[in-house]
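Colleague: Quick one: structure below, then a few questions.
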């Protein structure tokens, strides 16, 4: 009598083949990330001879596109320039333009 079951090594090989064929498709998927302005700020640090300046800007809008297959990313983040805070009133954009 002949054994009609599918051999295990062929089954594993078929699974590996399917995974190899499908993985580039999955990896090519581009992910787009939208930035929530209500929950996002840009924090910065600037080194100076006398001290280090830390500050923030509020985000107005932003979107980042990331391609996991190539590792490339692109996008933009728009900040409100007048929202800049650095802990020093003299450096504030608002003090300059008021």
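Colleague: Given the conditions (1) modelled with pLDDT under 85; (2) surrounded by 12 or more Cβ atoms within 10 Å (Cβ to Cβ), report the number of the one that residue 25 does not fulfil.
Modeller: Just one mismatch for residue 25, condition (2).
Colleague: May I ask you to say which residue of 13, 62, 55 is assigned to a strand (DSSP E or B), more than 20 Å from the chain's Cα centre (by Cα) and either modelled with pLDDT of 85 or more or over 30 Å from residue 85 (Cβ atoms) (or both)?
Modeller: 55
Colleague: Please name all residue pairs, on different chains or six or more residues apart, with Cβ atoms under 9 Å, provided the first residue is in the stretch 35-47 and is at positive phi and assigned to a strand (DSSP E or B) and the second residue is surrounded by 12 or more Cβ atoms within 10 Å (Cβ to Cβ) and modelled with pLDDT of 90 or more.
Modeller: none
Colleague: Further question: The conditions are (1) touching a residue at least 24 places away in the same chain (Cβ under 8 Å); (2) assigned to a strand (DSSP E or B), and residue 69 fails exactly one of them. Which is it?
Modeller: (2)
Colleague: Hey, could you check the stretch 68-79 for residues that are more than 10 Å from the chain's Cα centre (by Cα) and surrounded by 13 or more Cβ atoms within 10 Å (Cβ to Cβ) and say which is nearest to residue 34 (Cα to Cα)?
Modeller: Among those that are more than 10 Å from the chain's Cα centre (by Cα) and surrounded by 13 or more Cβ atoms within 10 Å (Cβ to Cβ), it is 77.
The values are calculated or read from the model by the stated rules, or taken from the named source; none is laboratory data. Values in this document were obtained by computation on a predicted structure and should not be read as measured data. Using ideal geometry, Cβ is built from the backbone for each residue, glycine included, and neighbour counts are taken over all protein chains shown.
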